[in-house]
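Accompanying notes for the structure given below.
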Amino acid sequence: MTPYEQTLQRTGGPVAPVEGFSVLARRASGVLGSHAAAAALGIASLPVLARALGPAEYGRLSLFLTLLGVVTYQDFLRPLLVRALSRGEHADGGLRALSAVVSWTLATVAGVVGVLLFSPLVAAFFAIAVLAHGLASVDYARLALAGRVAGAAFVRNIAWGSAAVAAACIATLIADGADPAWVAAPFCAANVAILVIYRARVGGAGTARWRVGALDSARVAWREHRTAILGLVGFGLANALVVSADRLLAERWLDAHDFGLYAGCADLASKLAIVGSAVGTVLYPSFARHSDGSEREAHRFVGIASRVLLGWAAVLAVLVLVSPRLVPLVLGPDYGAGAWICTALFAVSFVHMLGFLVTPWQRARGEFVAQTRSYAIAGVAMIGVGWALVPLLGIAGAVACACTARLAELQLFFRESRALGRRVLTPLHLAGVGALAMGLGLLAWWRAAGTA
């Protein structure tokens, strides 16, 4: 019995069959819903925190949350844990040990950095939050494989949204002269609560913990999975470059007004990535659990991807059409002149979705390096395009730089199209993807020309 089957027994569920599209769609909707709820709670608490703390103390809290987000984002072992647990590999135990070692190491480093930047109390909150997040990785992987990824995401997102509300309440209630460090406490408590709830759901078995020989097991796991781990770390760095290169280059050469116009519209368009993130979150454990290298599973992947792309193209077509009204409505009338920026970036988001579909499929089959290579190449290309075009074309050059980022997903798509072969990914499939992309591009060109 594989580890994910053991988890299903502990949580009272049957061994999950191969999920259909409707099941995966419901899970993705659940992940999106919890993301939206957490975002709403965070937005509601933001003005309260800003007013109650004042600029100086709010800046310290913002730094705390930024650093916590950076550290927890580098949870590069989760994809490996999901795959190892799904396959019942002997390396599963070594990865659990490595996860524990990495978690304690990061917590120690976080404590040292926290002491240098914050008060001792906030440093302790920082270290505990990092440790709890790391120790929850194995439990999250088990829940995801048990078909409970939406529930796991709900716990995480609601815990963090509730932490923002609790922090706002504390900020308004603390007396003058009281230590504002306690405002950071709810975010630490949120990570601890997530760990406790995850651990309770999986029964605590097989989770990351110290034990005799843990360091030796961790060393073995590192040697066996070094290439994949370095690939995942590299992907995080390359993705950070892809996400930020257009803004860094735009800030260098555009004036304050144009940069603000571009940044606001680009930020609005980038919110669409949350949909792809939810899709990838749901697909990866499903692909990992049922990936057997068969042609049947490859057909399942193509079928799911085709339906996702059709639906996503329809959503993007609507957004492209309404973008001239949407941008000033959401960002304000000052941004209306930049509606064409969103129109263009909405259209290329179709290509972005290819990455959210191909990446979990590749990783489920043990490929963790291709994504790093693709995003690194795209990042370098973005720098070249931006360096050449932003000084020459202004905002249009920045948009071209942002569109160049999608070179990463195109590389992944063409690589996978060759691997799948024409028996699975037929010429009709390829023509359909091309037609959808071209149709969205022409629609965006027409819409942008009508609002220029």
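The values are calculated or read from the model by the stated rules, or taken from the named source; none is laboratory data. The model shown is predicted, which means the values in this text are computed figures rather than measured ones. As a convention, Cβ positions derive from the backbone with ideal geometry for all residues, glycine included, and neighbour counts pool all protein chains shown. Remember, those area values only see protein heavy atoms, side chains included, never the ligands or the DNA or RNA. Shrake-Rupley method; radii C 1.70, N 1.55, O 1.52, S 1.80 Å.
Taking first residues from region 381-393 that are at positive phi and assigned to a helix (DSSP H, G or I) and partners that are surrounded by 13 or more Cβ atoms within 10 Å (Cβ to Cβ) and small (Gly, Ala, Ser), no Cβ contact under 7 Å between residues at least 6 apart in sequence or on separate chains turns up. Reported count of residues in region 241-254, each being among the small types (Gly, Ala, Ser) and surrounded by 15 or more Cβ atoms within 10 Å (Cβ to Cβ), is 2.
The residues of region 378-426 that are more than 22 Å from ALA347 (Cα to Cα) and β-branched (Val, Ile, Thr), listed by number, are VAL380, VAL424, THR426. Among the residues of this structure, LEU345 does not count as one that is touching a residue at least 24 places away in the same chain (Cβ under 8 Å), open to solvent by less than 10 Å² (accessible area, probe 1.4 Å) and assigned to a helix (DSSP H, G or I). The residue list ALA159, ALA166 contains one member that is under 13 Å from LEU195 (Cα atoms) and without any contact (Cβ under 8 Å) to a residue 60 or more places away in the chain, which is ALA159. The residues in region 265-286 that are open to solvent by 10 Å² or more (accessible area, probe 1.4 Å) and within 9 Å of the chain's Cα centre (by Cα) can be counted, and the count is 5. For region 304-333, taking the residues that are touching a residue at least 24 places away in the same chain (Cβ under 8 Å) and not hydrophobic (A, V, I, L, M, F, W, C), the one that is most open to solvent (accessible area, probe 1.4 Å) is identified as ARG307.
Within this structure, LEU410 passes the test of being out of contact with any Lys or Arg (no Cβ under 9 Å at 6 or more places or on another chain), under 26 Å from LEU442 (Cα atoms), open to solvent by 30 Å² or more (accessible area, probe 1.4 Å) and modelled with pLDDT of 95 or more. What do you reckon, is VAL351 out of contact with any Ser or Thr (no Cβ under 7 Å at 6 or more places or on another chain), buried (at least 23 other Cβ atoms within 10 Å of the Cβ) and within 30 Å of ARG83 (Cα to Cα)? Judged against the criteria, VAL351 is not a match. Please tell me if LEU412 is within 23 Å of LEU436 (Cβ to Cβ), part of a helix (DSSP H, G or I) and either among the charged types (D, E, K, R) or touching a helix residue (DSSP H, G or I) at 6+ places or on another chain (Cβ under 6 Å) (or both). For LEU412, the condition - within 23 Å of LEU436 (Cβ to Cβ), part of a helix (DSSP H, G or I) and either among the charged types (D, E, K, R) or touching a helix residue (DSSP H, G or I) at 6+ places or on another chain (Cβ under 6 Å) (or both) - is met. For region 155-171, a residue qualifies if it is open to solvent by 40 Å² or more (accessible area, probe 1.4 Å), under 24 Å from the mean Cα position of the chain (by Cα) and either more than 28 Å from ALA141 (Cβ to Cβ) or among the aliphatic types (A, V, I, L, M) (or both), and the qualifying residues are ILE158, VAL165. Report yes if ALA388 is more than 21 Å from ALA269 (Cβ to Cβ), surrounded by fewer than 18 Cβ atoms within 10 Å (Cβ to Cβ) and at pLDDT 95 or above, otherwise no. Yes: the conditions hold for ALA388.
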